[in-house]
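For reference, the structure is listed below as structure tokens.
Derivation of every value follows stated rules applied to the coordinates shown; laboratory data play no part. All values reported here derive from a predicted model rather than from experimental measurement. No Cβ is skipped: glycine too gets one built from the backbone with ideal geometry, and neighbour counts run over all protein chains shown.
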Amino acid sequence: MTGGLYFPTDDVASDLIGSPFWQLGANYNIQSDPQLEHSFGVGMIWKSKDIGVGDATVRMLPLTYTLRYKSGAGLFLGGGAGMYYCTVDEPAEDSLHKWKGGVHGCVGYDMGALALELRYSNIFNTKMSGFSVSAGAVF
């Protein structure tokens, strides 16, 4: 289980309701050898704010695959791809509800029962790409 913050780097999401967004997630990890780990993840990134004429809400549901290379010292470097269900609901505009592809890269530190990660996600053909900082418990 992971929790953290998402910081959009594109203007649409952050200009509409500000930054950062909340982030929750869960990963299933498979160790293929001592240095390689395959991680399958699902998450939820969201923020809602009253913009004067009603609430604006931005949400993403990422479904991702990440291949991580782990060093013996707990550091890891990874990258992968995913599908992102993106929604933007504004009171005075048409809503966006679309599946989009994307790629990501990450660096982190695994301390056994706790892991920290910094990730950049490039979500294609949207203005919702950004950085996330997260911490997670390993079960």
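Quick look at the numbers
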read-out	value
Single residue of 32, 39, 71 found to be more than 22 Å from residue 135 (Cα to Cα) and of a type in the set (Ser, Thr, Tyr)	32
Count of residues meeting criterion [farther than 11 Å from residue 79 by Cα and not hydrophobic (A, V, I, L, M, F, W, C)] in region 103-122	6
Selection count where residues are under 21 Å from residue 125 (Cα atoms) and not hydrophobic (A, V, I, L, M, F, W, C), scope region 21-65	7
Residue in region 43-55 that is of a type in the set (Gly, Ala, Ser), part of a strand (DSSP E or B) and under 10 Å from the mean Cα position of the chain (by Cα) present	yes
Unmet criterion (only one of (1) touching a residue at least 40 places away in the same chain (Cβ under 8 Å); (2) over 14 Å from residue 64 (Cβ atoms); (3) of a type outside the set (Asp, Glu)) for residue 132	(2)
Pairs, first touching a residue at least 60 places away in the same chain (Cβ under 8 Å) in region 39-52, second surrounded by 15 or more Cβ atoms within 10 Å (Cβ to Cβ) and among the hydroxyl-bearing types (Ser, Thr, Tyr), C-beta under 8 Å, six or more apart	45/6; 45/132
